Amino acid sequence: MKLLFGNKKNDLLSLLKKQDPAAQKIFYEQNVKRFLSVSKSYVSDLYQAEDCLIKAFCKIFKHIESFRGESNLDSWARRIVVNECLNFIKSHKTVFYLDEINQSFHEDIHEPEIDCDFNAQELLDQLPDAYRMVFNLYVLEGYSHQEIADTLQISIAVSKTQLFRAKEKLRKIYFQQQKKVKNEKV
Amino acid sequence: MKKSKDTIEFEIKKQIEEREIAPSRDLWSEIELQNSNNQRSKSKMNWFLIAACLILTFSLGSVLFFLNQPSETQPELVKKTEKNTKDEIIKDPVQNNAPLAVENNDKKEVKKPLSQDKQEVISPVATGQTQLISKEPLPLKKMDIVQISNPKLMAKADSIKTPVKKKKYVDPSTLLFSVEHKDVIEKTKDGSNVATTIDLNAR
């Protein structure tokens, strides 16, 4: 009752550490929709994204005692969700990372103006797994290339290449979609 | 200059951050189920660990307990070895001295060498035992020696066994002797074989 009305994070954390089922359910209800959105951005299939989320929540509740409180509980839990999604992709799919490209390509990016009326999930779903993982880690999670390289066990140069190609691909897909919309209107 | 707000990446991030997706199925029930399974497996593991520790402690304790009691365990081993030697002794004289019994010599003559042989055979074993059983109490030794040094029983056992066996072969030396002294044998009308009086094994 105290949790429902007071909603204090410290109380919730202490109860989660005691493996209290009520506290676990409250934490689940607070975060499930947001975490499913995150999971869906990595794993395009909803059912598989939900499976990843189930595993992630189980890990969160199991290893909650290892949470030291240095960072926010939500961001710690989100990191577990992301890691679970990455593990799923690694174990269920063959991911190919393309070779490195020259540094000059990274700098020469033409960025035309865009409209905001597009579906981000549609764009992400069309990206290959390797591109999507690097793009999401860099753009959504705010990882540095060093962190991405450590997480995915690739070199920093490959991480940069993947990000460059991912952005390029997204732009292509976006403009193709815009063309289709214009043609439909005409 | 283009602002970061205008890029596709920023728009994607904004959309994903603001988005909330409701699960299509009851995820909580599955999470609860997996949690309960994990807890059960944890408790099971704990029980297995406790059981394994108990078994280990008991086994180690029992091993140490039996190792620290040499007076009871070692004599058994020695007795077994003695029994084996006895069996060997019983078997060996039958094989070695079988021709002696067949040759219808006096039992007393047969018994004596047997007992001597036994003593000769037993003595090295016995000396070996004395070295092994140096820590043993004395009464056990006496019992063993008394058991082994009972020649009558051994001789009886031999006398019982030996007549049952029949000579199925002709000794080559007797055959040669009979051929060489054919005339002498023919002269004896009693039917008694000359070869029987000659102890060929006495060579």
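The values are calculated or read from the model by the stated rules, or taken from the named source; none is laboratory data. Please read all numbers here as calculations on a predicted model, not as lab measurements. Ideal geometry is used to build each Cβ from the backbone, glycine not excepted, and the neighbour counts take in all protein chains shown.
Sub-9 Å Cβ pairs linking a first residue in region A:55-74 that is closer than 15 Å to A:Ser14 by Cβ to a second residue that is of a type in the set (D, E, K, R), at least 6 apart or interchain, are A:Ile64/A:Lys17; A:Glu65/A:Lys17; A:Phe67/A:Lys17; A:Leu73/A:Lys9, ordered by first then second residue. Identification of helices (runs of 4 or more DSSP H) wholly contained in region A:1-105 with 3 or more residues that are modelled with pLDDT under 90 and either out of contact with any strand residue (DSSP E or B) (no Cβ under 8 Å at 6 or more places or on another chain) or not small (Gly, Ala, Ser) (or both) yields A:2-6, A:9-17, A:73-92.
Would you mind stating whether A:Leu152 is more than 9 Å from chain B (Cβ to nearest Cβ) and in contact with a Lys or Arg (Cβ under 9 Å, 6 or more places away or on another chain)? Yes, satisfied.
Looking at region B:13-66 only, could you name the residues that are among the acidic types (Asp, Glu) and at the interface with chain A (Cβ under 7 Å from one of its Cβ atoms)? Break it down into steps so the answer makes sense when it comes.
Going residue by residue through region B:13-66, those that are among the acidic types (Asp, Glu) are B:17-18, B:20, B:26, B:30, B:32.
If the condition is that a residue be among the acidic types (Asp, Glu) and at the interface with chain A (Cβ under 7 Å from one of its Cβ atoms), then B:Glu20, B:Glu30 are the ones that fit.
The combined condition, being within 25 Å of the chain's Cα centre (by Cα) and modelled with pLDDT of 85 or more, is fulfilled by B:Phe65. If you filter region A:39-58 down to residues that are at the interface with chain B (Cβ under 7 Å from one of its Cβ atoms) and not acidic (Asp, Glu), you find that the one that is surrounded by the fewest Cβ atoms within 10 Å (Cβ to Cβ) is A:Leu46. Taking the criterion of being more than 20 Å from B:Glu20 (Cβ to Cβ) and either within 11 Å of the chain's Cα centre (by Cα) or within 10 Å of chain B (Cβ to nearest Cβ) (or both), the residues of region A:118-141 that qualify are A:Arg132, A:Met133, A:Val134, A:Phe135, A:Leu137, A:Tyr138.
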